[in-house]
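Below you'll find the structure, written out as structure tokens, and then a few comments.
Just so you know, all these numbers are worked out from the coordinates, no wet-lab data involved. All values derive from a computational prediction rather than experimental measurement. In this analysis, Cβ positions are derived from the backbone assuming ideal geometry, glycine residues included, and neighbour counts consider all displayed protein chains.
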Amino acid sequence: MVSFVGAGPGARDLITVRGMRLIEKADVIIYAGSLVNPEILEYAQKSPEIYNSAVMTLEEVIKVMSTADASGKDVVRLHTGDQSLYGAVREQMDELDRRGIIYESCPGVSACFGAAAALDMEFTLPSVSQSLIITRMEGRTPVPEKESIESFAAHNASMAIYLSTGMLDELGSRLIEGGISAETPAAIVYKATHPDEKTVICTVGTLAKSAAAYGITKTAIVLVGEAVTHGDYDRSRLYDPDFETLYRPKTKKAGDR
């Protein structure tokens, strides 16, 4: 059995309990060594074979999985955050399908949620934004034209922008071109939930300048939107005394019959 496991955003204890249990019983672990906190490997209890996928090709990863599966060994493929976001897992699963190898997925906490926690932030504030756009800039890997930064910026929703720290000048310009004000709040969160985490609150117009001031050049996520500074929002209807739910009646006021 091959288990694709999300390791979480960085902190050793932010892996799920299920993910931890899978690591505990693994005979083979293939982990994204450039991003996954190596302390998470300490949950292993069977002295597994450990491979760093940062120096491996897809073909080499699949060979390790196939050899282990043929020997009846349990394999954990450990990805950073949640593997469903920028994890390149589908291509691995397709290769396993071709070989008739059974696999499963265990979700993890993605970096955007680790970053939000670092800022005590809510992405979906009433009257501010009820949507979260997760995207990235195109670099060496392209992005479909219909998913341009400008097209997403036009919505003025909360945004979490991955893999773009080295292009903040361009990111800021393109967000503004798409319709977001240069004064819109933004945050740069470096290595969210790691011991050396840094959080920088700035604006869309000062993204590049702010990152340079703190020496942040990589391994950061950018959050954009009025929700970052949570200044002017409406109270949630869910907990409003005037709002009746299946579990709680509307609160009667003085004079009500």
**Asked** Projected onto the charge dipole of region 13-133 (+1 at Lys/Arg Cβ, -1 at Asp/Glu Cβ, origin at the Cα centre), which of Ala88, Ser127, Ile62 gives the Cα projection farthest towards the positive end?
**Response** Ile62
**Asked** For the residue pair Leu58 and Glu39, what label-to-label distance in nm results when each label sits 7 Å from Cα along the Cα-to-beta-carbon direction?
**Response** 3.4 nm
**Item:** Neighbour net charge for Leu96 - beta-carbon separation under 15 angstrom, K R +1, D E -1
**Value:** -3
**Request:** Count the net charge of all other residues whose Cβ sits under 14 Å from the Cβ of Glu122, scoring Lys and Arg as +1 and Asp and Glu as -1.
**Result:** -3
**Request:** Only Cα pairs under 8 Å and at least 6 apart count here; give the relative contact order of the chain as a rounded whole percent.
**Result:** 19 percent
**Request:** Could you rank the peptides 155-163, 124-132, 98-106, 189-197 by their average count of other C-beta atoms within 10 Å per residue, with the highest value first?
**Result:** 155-163, 189-197, 124-132, 98-106
**Message:** Restricting to lysines 8 or more places apart or on different chains, can you count the pairs in the chain with Cα atoms under 27 Å from each other?
**Reply:** 12
**Complete:** One would report the antiparallel percent of DSSP beta bridges in the chain, rounded to the nearest 5, as 40 percent
**Prompt:** How high is the relative contact order of region 135-257, in percent, counting Cα pairs under 8 Å that sit 6 or more residues apart?
**Reply:** 25 percent
**Request:** Lys and Arg at +1, Asp and Glu at -1: add these up for the other residues within a Cβ distance under 12 Å of Leu22 and post the number.
**Result:** +1
**Request:** Run the dipole for the chain about the Cα centre, Lys and Arg Cβ at +1, Asp and Glu Cβ at -1, nothing else charged, and hand back the magnitude in debye, nearest 20.
**Result:** 540 debye
**For Rg/Rh (Cα atoms, Kirkwood Rh), calculated from these coordinates, the label among (1) 1.00; (2) 1.06; (3) 0.98** = (2)
**Asked** What size of dipole, in debye to the nearest 20, comes out for region 86-172 about its Cα centre when the only charges are +1 on Lys and Arg C-beta atoms and -1 on Asp and Glu C-beta atoms?
**Response** 160 debye
**Message:** Rounded to the nearest 5, what % of DSSP beta bridges with both residues in region 1-120 are antiparallel?
**Reply:** 5 percent
